[in-house]
Amino acid sequence: MRKCLVLILLILCFCAGSALAEKTVLLTFTGDCTIGSTELVRSRENSLDTVAQNEGYEYFFLNFRDLFAGDDCTVINLESVFSDYASNENKGKTYRFRGPTDFVNIIKSVSIEMAGLANNHVNDFGATGLARTKETLTAAGVGWFRLNEYALFEKDGIRIALFAIDSGSYYNNSEKMKQTMVRLKQSGEVNAIVVLYHGGTEYDPKHNAGQTKVGQVMIDNGADAVIMHHPHVVQGVAVYENRTVCYSLGNFVFGGNSEIRVERWRGDHTVTSLYAMVAQLELHFDDDGTYAGQQVYLYPVLTSGDPPHNNYQPRLATGEDARTVMEAVQFDTPFTLPAFDDATGRVTLPYLEAGAEIALPTAAPTRRPNNNTRRPTPTARPTPTAAPSDPTTDNPTIAPSENPTAVPTDAPTDPPAPVVTDPPAPIVTDPPAPVVTDPPAPVITDQPAPIVTDPPAPAPEPKPEGQE
């Protein structure tokens, strides 16, 4: 009997030691954030800029302060420009979103550590506007990442790389990005990789073949999760190689619309930008840093507290509202989602073990990491400082800009549109997303994956000026 008790104690001690040895990193992802307005509506009473003046900067993310503070790293998709100048505005686009550089303090009012900058609005004010956005985020201590300019987040010796790419830049930039991802994974420089992808069909409750392909290609090249935006409505969730793909989180703090959009889809079915999600990704690692698995939590969200008006203050959905949001997610999910839990306010997806190691393509020779990578730590909270002032000129020194070009028909991109330029900076048009290119990089995959184009989106109904 005594021997049995000793054996049981030894087993319990071993299990406790194993539990203590495991490390976790909790990342939070939101939908599209447009922290600004168009020039046309900026001074109107219902614009985000006016609300910021009247309500203060803490107003917008107030309902998520505790959730964001409780994670290790919060990541948004920043779908607007931070600049104090309206010059280089791409007036060939229907919607151009800009907020003054001081609006970075809206982000800093809560613990948001990272911003993805690969989408169809970061070039609304040309390469100059994008450069000022990067400068402003850096000065405020907010990490940013875009295309091959990845960011690193580190906690307890675990290093996670974050990448972002959009449909308009995919064809000319994805190979270089995949090459970097494979190198980071195979060299052991990072323990996990998460990719943001901005693409899909706007106001479509179903993801398309292009999104499916991109999610799989990113995972095949080292991503441990893929989070998508752009459709402005929620879409489903998929699992590929025991990794999670969220096809669309919808909107979040979205200054692009003063009213909630409701669109008809295939007969009597309607979709709404009121429904959104916040996704939390809990990554698990063994004590030696080996990736062990992941747990995903989905929080249903209402993007406005005053529908059908957009008050730019999203809130967590509860009760029947939450179940309705999750029904919209289930509509595009191939497996049955667990029930919404009123006690936790979320849906907990089944734990996904790492499973068999994914055979990555052969990596190119190791190069030094990009000097532009951002490495904020969980405890680093730099005091916000003003972005560099430029009252006399609109031509700061910037990195070489990408060169727009036409997209081949086999690229997973939104329907092409003419590109309007504002010399010398390249300008990206919208809608739909244009192409911002880097020089092509050699393909690193063992066997090039076919790229599936997004199907053409139905012609949008007429929209009020100043809204997307």
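Rule-based calculations on the coordinates, nothing more; no lab input. Please read these numbers as outputs of a predicted model, since none were measured by experiment. Note that each Cβ is placed from the backbone with ideal geometry, even for glycine, and that neighbours are counted across all protein chains shown.
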**For region 21-353, share of DSSP beta bridges that run antiparallel, in % to the nearest 5** = 60
**Fill in**
Footprinting proxy, Y312, Y351: sorted fewest to most Cβ within 10 Å, the residues are Y351, Y312
**Complete:** The pairs in K23/K134; K108/K206; K134/K206; K91/K176; K23/K206; K23/K185 lying past 29 Å Cα-Cα in this model are K23/K134; K108/K206; K134/K206; K91/K176; K23/K206
**Message:** Sort 225-233, 88-96 by the packing proxy (mean of other Cβ within 10 Å over each peptide's residues), most packed first.
**Reply:** 225-233, 88-96
**Message:** Could you sort the peptides 161-169, 272-280 by per-residue average Cβ neighbour count (10 Å cutoff), highest mean leading?
**Reply:** 161-169, 272-280
**Using a Förster distance of 30 Å, the FRET efficiency for D156-L62 (Cβ separation, nearest 0.05)** = 0.50
**Message:** Between T270 and F335, how high is the FRET efficiency from 1/(1 + (r/R0)^6) when r is the Cβ-Cβ distance and R₀ = 22 Å? Nearest 0.05.
**Reply:** 0.35
**Fill in**
Dividing the mean separation of Cα pairs under 8 Å (6+ apart) by the residue count of region 210-331 yields a relative contact order in percent of 21
**Request:** Taking amide H positions as placed in the peptide plane 1.01 Å from N, state which residues far from T333 in sequence (5 or more) or on other chains have amide H under 5 Å from it.
**Result:** V237
**Item:** Packing-based exposure ordering (other Cβ within 10 Å, fewest first) of D32, D71
**Value:** D71, D32
**Asked** Counting alpha carbon pairs within less than 8 Å and at least 6 residues apart, what relative contact order, in whole percent, applies to region 21-353?
**Response** 18
**Request:** Extending each Cα 7 Å along its Cβ direction at V262 and I358, get the distance between those two points in nm, one decimal.
**Result:** 4.0
**Complete:** In nanometres, the difference between 0.36 nm per residue of separation and the alpha-carbon distance of E55 and V239 is 62.2 nm
**Asked** Which distance in Å, rounded to a whole number, links the C-alpha centroids of region 77-128 and region 231-273?
**Response** 21
**Prompt:** Which whole-Hz couplings ³J(HN,Hα) result when phi for each residue of region 294-305 is put into the Karplus expression 6.51 cos²θ - 1.76 cosθ + 1.60, θ = phi - 60°, listed in order with x for Gly and Pro?
**Reply:** 8, 10, 10, 10, 10, 9, x, 9, 9, 6, 9, x
**Request:** Please say if region 67-144 is rounded, prolate or oblate, where rounded means a/c under 1.5 for a ≥ b ≥ c the square roots of the C-alpha gyration tensor eigenvalues, and otherwise the choice is prolate for a/b larger than b/c and oblate otherwise?
**Result:** prolate
**Asked** Given a cut-off of under 8 Å on Cα pairs at least six residues apart, what relative contact order in percent is computed for region 126-214?
**Response** 23
